[in-house]
Every structure is written in structure tokens, then in C-alpha cells.
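A.B. asks: The structure that follows is given in the form of C-alpha cells.
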Amino acid sequence: MTGVPASAAGGPSGARRAAAGTAAAASGTAPGAAVARSAEGGPSGAGHAAAPGAGSGGAPDGGHDGAVDAGDCGTAGAGAGLGSGSGEAVLGAEAGGDVQGEGKTPRGGKIAAAAVNQASVWNIANLLTMLRLVLVPAFVALMLADGGYDPAWRSLAWAAFAVAMITDLFDGHLARTYNLVTDFGKIADPIADKAIMGAALICLSALGDLPWWVTGVILGRELGVTLLRFLVIRYGVIPASRGGKLKTLTQGVAVGMYVLALTGWLATLRWWVMAAAVVLTVVTGLDYVKQAIVLRRQGIAARKAALEEKEA
């Protein structure tokens, strides 16, 4: 029967498929998706699809085929939905991995950063500190050359001492100004300061130019303050005071004048400068002790308050 329309040949199921296709085309939705939605409706949706075919009685096969087709299309639609959902999940996981990867530092980056930090040790501030350390044995050799009383050798020793003291002023300034502070500099700088000063004081006392008690007071204060800083470092850092800086300057001038073979009124002047240096040494030392005691009390009180707050 060639004259029978396709919808009629397919029975009610065919008519329904044709109507669904027309409606889907009009709404811009694929027929499979429309049928898939009806299949996703579960048993109620299947009941609705099967009821017209059963009621027509004329084409039960057509109704069965329609139900099978609808089930197949629903399965395909569900598979497509799962497939696209899985793909989006995979893409999301990959994107999350990329974001997480961006947040982590690559191993090569850590190695490179460590290499940069290691290379930064060789900066101008640390080089000046190293120069000051090298000048210590050179100063001792010049100071004790030819018995230690030759004005020419003493002048050369003074030049080495002066260079060491001047570099002490510049290396700290350069490190703070150009962000060249390193762990090596923090350790080596105070060692170099005390080494050159201690070497000069011991040489002067050994030669009989300076009383040993002066050397003992100055070196005892320097070592005591250094030890005090380490003892209270858990509670904080004792900052350098203006009195401490003035003490360092006065000590450098006084020791430098004693290194030179001075006579007359200059020899008298250096005695007074050294006396001022000793007074500043003692006063600033006591001030550091006071600051250390206050800092320790504040640190203990802060810890006790933190423990009480945690227990509460």
C-alpha cells in the first residue's frame, strides 16, 4: 500500500515519533533528546508511551517498536549525558590539577633559589667584612714588628687598624641600604669587630702601652654583652643604642691614638679619650644588662598570658 502515509504505516507509534520529531525540530531539540527525557521519566513515562498503542489495537507491533525505540533512545541519551558529564569531570580534574600545580613551587625553583641565596653571600658588604678579618693577623704582625716600638711599623699598623674600623662603618650601611643582609654577615661582622679591637688592646697591653685592666674591662664588656644577647634572644633582640655607637667610635679613636707613637700633648689627649671610652664602655654595658632584664620579664609575662588564654 504505497499510498499509506508513513505515520499511518507505523501506527500510532509512528505518528507519535513523527509528531515528536516535528516538535523537536520546531523547538531546536534533537528527537533523541526528547524521547530520552520521556524515557528518563521512569515507569510512568513508559506507561504513558505504551498506553496509546495498547488502546489503538490496530498496530500492537508498532506500539511495541515505539516503546523499544524510546527505550533505545533513552539509553543512548543517558549514555551521552554520562559521557559528557564524565568528560567535564575529567576536564575539571585536569583544570584543578593545573591550578594546584601553579600553587606549588617546582623543585627546580627551590634549587635555583638556594643557589641565588648562596651566591648572594659574595656581596660587597660581606667582602668588606672578610677584608676586616684578614686585616687582623696583618695588624698584629705590623704592630709587633721590630719589637713593637718602631714608629714606621706602628704607622703601618695604624693604617691597617683604620681601614678595618672604616670598613666596619660601611659594610653595615651597605647591607641595610641595598638589602645585602645575609646569615654569614650577621655572624662574621661582630666577630670581625671584636677580633680587630681585641687584637689591638692585647698588643698594646703586651707592649706596656696600655694597662691590662683597661683591656680587661673593654673585652669583658664586649664578650658579656654578646653572651647576654644570646641568652635573651628567645624573648627578643636588644637593639643597638646611640650610646653603644658612641662607645664604638670613642674606642676606635682612643685605640688608634695609642697605636701611633705619639708624644707630648697628643699622648696626654689620648689618655683622656681612652678614659672616656672606658666610661662609655661601662655605662652602656650596664644599660644592656638593664634592657636584657626588662626584655626577659616582658617575654615571660607574654608567654604566661598566652598559656592562660589557651587554657581558658
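The values are calculated or read from the model by the stated rules, or taken from the named source; none is laboratory data. The shown structure was predicted, so the numbers you read here are calculated from the model rather than taken from an experiment. Neighbour counts are summed over all protein chains in view; Cβ atoms, including those assigned to glycine, are modelled from backbone coordinates with ideal geometry. Quick note on the areas: whole protein, heavy atoms, side chains included, nothing else; ligands and nucleic acids left out. Shrake-Rupley method; radii C 1.70, N 1.55, O 1.52, S 1.80 Å.
Conditions (1) under 12 Å from Val136 (Cβ atoms); (2) touching a Phe, Trp or Tyr at 6+ places or on another chain (Cβ under 9 Å), marked per residue:
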{"position": "Ala160", "(1), (2)": "yes, yes"}
{"position": "Leu169", "(1), (2)": "no, no"}
{"position": "Gly172", "(1), (2)": "no, no"}
{"position": "Tyr178", "(1), (2)": "no, no"}
{"position": "Val181", "(1), (2)": "no, no"}
{"position": "Ile187", "(1), (2)": "no, no"}
{"position": "Ile191", "(1), (2)": "yes, no"}
{"position": "Lys194", "(1), (2)": "yes, no"}
{"position": "Cys203", "(1), (2)": "yes, yes"}
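A.B. asks: A follow-up question, please. Return only the number of the condition from (1) out of contact with any Asp or Glu (no Cβ under 9 Å at 6 or more places or on another chain); (2) surrounded by 12 or more Cβ atoms within 10 Å (Cβ to Cβ); (3) more than 24 Å from Trp153 (Cβ to Cβ); (4) not aliphatic (A, V, I, L, M) that Thr248 does not satisfy.
C.D. replies: (1)
A.B. asks: Hey, another quick one. Return a yes/no flag: does segment 206-213 have any residue that is at pLDDT 90 or above and surrounded by fewer than 12 Cβ atoms within 10 Å (Cβ to Cβ).
C.D. replies: Keep residues of segment 206-213 that are at pLDDT 90 or above, which gives 206-213.
Checking the rest, the ones that are also surrounded by fewer than 12 Cβ atoms within 10 Å (Cβ to Cβ) come to 208, 213.
The answer is yes, given that some residue of segment 206-213 is at pLDDT 90 or above and surrounded by fewer than 12 Cβ atoms within 10 Å (Cβ to Cβ).
A.B. asks: Let me confirm something: among Ala292, Ala240, Ala254, Ala267, which residue is over 20 Å from Ala157 (Cβ atoms) and without any contact (Cβ under 8 Å) to a residue 40 or more places away in the chain?
C.D. replies: Numbers: Ala292 fails: without any contact (Cβ under 8 Å) to a residue 40 or more places away in the chain; Ala254 fails: over 20 Å from Ala157 (Cβ atoms); Ala267 fails: over 20 Å from Ala157 (Cβ atoms).
Unique residue meeting the criteria: Ala240.
A.B. asks: Also: Would you call Tyr288 surrounded by 13 or more Cβ atoms within 10 Å (Cβ to Cβ), of a type in the set (Phe, Trp, Tyr) and within 35 Å of the chain's Cα centre (by Cα)?
C.D. replies: Values: surrounded by 13 or more Cβ atoms within 10 Å (Cβ to Cβ): yes; of a type in the set (Phe, Trp, Tyr): yes; within 35 Å of the chain's Cα centre (by Cα): yes.
Answer is yes for this residue.
A.B. asks: A further question on this structure: What number of residues within segment 128-163 satisfy the criterion of being farther than 22 Å from Leu207 by Cβ and loosely packed, with under 14 Cβ neighbours inside 10 Å? Can you show your working first?
C.D. replies: Keep residues of segment 128-163 that are farther than 22 Å from Leu207 by Cβ, which gives 128-134.
Add one more test, that the residue is loosely packed, with under 14 Cβ neighbours inside 10 Å, and what stays is 134.
Adding up the residues that qualify gives 1.
A.B. asks: Can you find a residue in segment 235-242 that is in a helix (DSSP H, G or I), within 34 Å of the chain's Cα centre (by Cα) and loosely packed, with under 13 Cβ neighbours inside 10 Å?
C.D. replies: First pass over segment 235-242, keeping only residues in a helix (DSSP H, G or I): 242.
Now restrict to residues that are within 34 Å of the chain's Cα centre (by Cα): 242.
Narrowing the set further to residues that are loosely packed, with under 13 Cβ neighbours inside 10 Å leaves 242.
Yes, some residue in segment 235-242 is in a helix (DSSP H, G or I), within 34 Å of the chain's Cα centre (by Cα) and loosely packed, with under 13 Cβ neighbours inside 10 Å.
A.B. asks: Looking only at residues that are open to solvent by less than 20 Å² (accessible area, probe 1.4 Å) and of a type outside the set (A, V, I, L, M, F, W, C) in segment 183-201, which one is farthest from Leu219 (Cα to Cα)?
C.D. replies: Among those residues, the one meeting the criterion is Gly185.
A.B. asks: Still on this model: Within segment 216-234, which residues are crowded, with 19+ Cβ neighbours inside 10 Å and either closer than 16 Å to Val273 by Cβ or touching a strand residue (DSSP E or B) at 6+ places or on another chain (Cβ under 7 Å) (or both)?
C.D. replies: Selection gives Ile218 alone.
A.B. asks: What number of residues within segment 218-234 are within 29 Å of the chain's Cα centre (by Cα), among the basic types (Lys, Arg) and assigned to a helix (DSSP H, G or I)? Show your work before the answer.
C.D. replies: First pass over segment 218-234, keeping only residues within 29 Å of the chain's Cα centre (by Cα): 226-234.
Okay, now just the ones that are also among the basic types (Lys, Arg), so 229, 234.
From what is left, the residues that are assigned to a helix (DSSP H, G or I) are 229.
Residues meeting the conditions: 1.
A.B. asks: What's the number of the only condition in (1) in contact with a Lys or Arg (Cβ under 7 Å, 6 or more places away or on another chain); (2) at pLDDT below 85; (3) under 30 Å from Leu210 (Cβ atoms) that Ala164 fails to meet?
C.D. replies: The failed condition is (2).
A.B. asks: From the list Ala302, Ala312, pick out the single residue that is over 30 Å from Val217 (Cα atoms) and open to solvent by 100 Å² or more (accessible area, probe 1.4 Å).
C.D. replies: After applying the criteria, what remains is Ala312.
A.B. asks: Checking Met257 against (1) at positive phi; (2) crowded, with 16+ Cβ neighbours inside 10 Å, which test does it fail?
C.D. replies: (1)
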